Amino acid sequence: MYAVIDLEATGGKPSEERIIEVAIFLYDGKDIVDQFISLVNPEVAIPPFVQKLTGIKQRDVQGAPRFHEIAKRIVQMTEGAVFVAHNAPFDYRVLREEFARLGYDYQRTVLDTIPLSEKFIPGLPAYGLATLCEELGITNAKRHRADGDARATVKLLEILLEKDREKYIEGVYLKQPAATGRHPFSKQIEPLVKTTGIYYLFNEHGEVIYIGKSDQLRVRIDRHFLSTNEKALALQEEVRSLRVEETGSLLLAEILEHLALKKLQPKYNNPKDKYSLRLGLFVVPGDDSLLWDLRGIRRDRPSLQVADALAGSKMLARLALRLGRPSHEVALPKHEATINKALRAFEFEGKTAQDFGGSLELPLTEEQIYAVTWPEEQMILLDKGRKPGIHTVFLIENHQCLGYTTAELASETQDFGLLKKKLTRFEQGVGGTYLQSLVADAFWAGRLKQVKKFS
């Protein structure tokens, strides 16, 4: 029995996507014997591009069931069946992540129609569902909707099964790790469903060939071994061992990932995976003040490196708010729209200059922008630790983040001198680093708790 599935989701970062529509057709190899189609209330906003692509608006899902209300039906319908989807690693991952949030370990044998289409229908210009439908004469009146795409996938599966005269799918494909959901490290990572940290994949020579991070390590690591694209298959062939480092803090995991990627540059990570820092704030001298430009880093050194364009725009918006100046007096005109958007968000949140450390006055020196990063000269910031009762700690001094450490006792979290002695320091220079930007972004987003009084 085959459970042919298609999901529509909110998009975004892996582990943050939420389902907005699901369709399942139970297919016995000849006929559809059961079906389940439903919109799903994701309990988060649906991004505009997803609404445009799918036609599913926020109002459409307001009265729809939440995932936990349909979870039992999905389990029952797919039990004992092969999980089939076009680009199955995506649908399977998103569905498993939804179940993981409920504390349920959802596992099924998985069949991806993309590699099977490449095998049985060679020579096509592409193997997306739309191209296959056009090439094979499959009608899909509801593209980018779960119902329409799942029905089209049923028809595609029917064609593939008919072409499989040697029973390759049943005899070989469904016994591979990508289909069974089991791989050499399944047992090792079994307890890591909701674990946050960083992981390293090694080859037979003990060389690190991939580094990653996640707040759901098991789901993230499984993706490497359940994918069937060319890069994933090559990685699966080389991996011989796995090491996991739990952090509890996703911010610390991102910091450790960045440092390890920069030092080791593993062959299967993309070069853009934080090997180099690509965006920064640069001074543009003016008559009586300093304007700032947010642009890519080439050979010239920026005054401040930032994680991304959004972080840079928020930094400039905080600067404008503290100066009491419009955006065009703080940065070049090309940044005006994004800075004003950030300012409107601050206004909506009721933020004032005092929330960001008080007012600044012109003439503004280059060094003063570091004070915009941190509102106080000395700060202790707390994040989750690898175990209950343990905190990850970040220290701020002279308006720069010195580095990180851990603390167990409540008294430790208030002893700046002790924490400073234990500190693992950031190697980068004063103020202008990617790691500074990561910690600052987490602080301003409210993900770090500030110790207000300490000895």
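The values are calculated or read from the model by the stated rules, or taken from the named source; none is laboratory data. These numbers were taken from a predicted model, which means no experiment stands behind them. Note: ideal-geometry Cβ built from the backbone for every residue, glycine included; neighbour counts use all protein chains shown.
Observations on the model:
- The stretch 382-411, subset surrounded by fewer than 17 Cβ atoms within 10 Å (Cβ to Cβ) and either farther than 24 Å from H258 by Cβ or among the small types (G, A, S) (or both), residue nearest to the chain's Cα centre (by Cα): P388
- The single residue among K213, K263, K267 that is among the charged types (D, E, K, R), more than 25 Å from L111 (Cβ to Cβ) and free of Cβ contacts under 8 Å to residues at least 24 places away in the same chain turns out to be K263.
- Among (1) more than 27 Å from I211 (Cα to Cα); (2) outside any helix (DSSP H, G or I); (3) touching a helix residue (DSSP H, G or I) at 6+ places or on another chain (Cβ under 7 Å); (4) at pLDDT below 75, the one test that W292 misses: (4)
- The stretch 46-76 - residue that is outside any helix (DSSP H, G or I) and touching an Asp or Glu at 6+ places or on another chain (Cβ under 8 Å) and, of those, surrounded by the most Cβ atoms within 10 Å (Cβ to Cβ): I56
- Strands (runs of 3 or more DSSP E) wholly inside the stretch 371-455 that include at least 3 residues being over 27 Å from A353 (Cα atoms): 400-407
- Qualifying residue in the stretch 77-87 (condition: surrounded by fewer than 20 Cβ atoms within 10 Å (Cβ to Cβ), within 21 Å of the chain's Cα centre (by Cα) and within 21 Å of A141 (Cα to Cα)): yes
- Among residues of the stretch 379-401 being at pLDDT below 90 and touching a Phe, Trp or Tyr at 6+ places or on another chain (Cβ under 7 Å), the one that is farthest from A320 (Cα to Cα) is C401.
- Annotation for the stretch 206-220: at least one member residue is of a type in the set (F, W, Y) and assigned to a strand (DSSP E or B).
- Residue tally, condition in a loop (DSSP other than H, G, I, E, B) and within 26 Å of the chain's Cα centre (by Cα), over the stretch 111-142: 2
- Residue list for the stretch 150-201, restricted to those being in a helix (DSSP H, G or I), within 14 Å of D222 (Cβ to Cβ) and touching a residue at least 40 places away in the same chain (Cβ under 8 Å): P177, A178, A179, T180, Q188, I189
- Some residue of the stretch 175-183 being within 26 Å of Y104 (Cα to Cα), crowded, with 18+ Cβ neighbours inside 10 Å and among the aliphatic types (A, V, I, L, M): yes
- Qualifying positions in the stretch 20-35 - of a type in the set (D, E, K, R) and either touching a residue at least 40 places away in the same chain (Cβ under 8 Å) or crowded, with 24+ Cβ neighbours inside 10 Å (or both): E21, D34
- Counting the residues of the stretch 14-53 that are of a type outside the set (G, A, S) and either outside the structural domain of L161 (by TED's automatic domain parsing) or under 30 Å from K163 (Cα atoms) (or both) gives 14.
- Candidate set: the stretch 127-141, residues that are of a type outside the set (A, V, I, L, M, F, W, C) and surrounded by fewer than 17 Cβ atoms within 10 Å (Cβ to Cβ); chosen: the one nearest to R96 (Cα to Cα): G128
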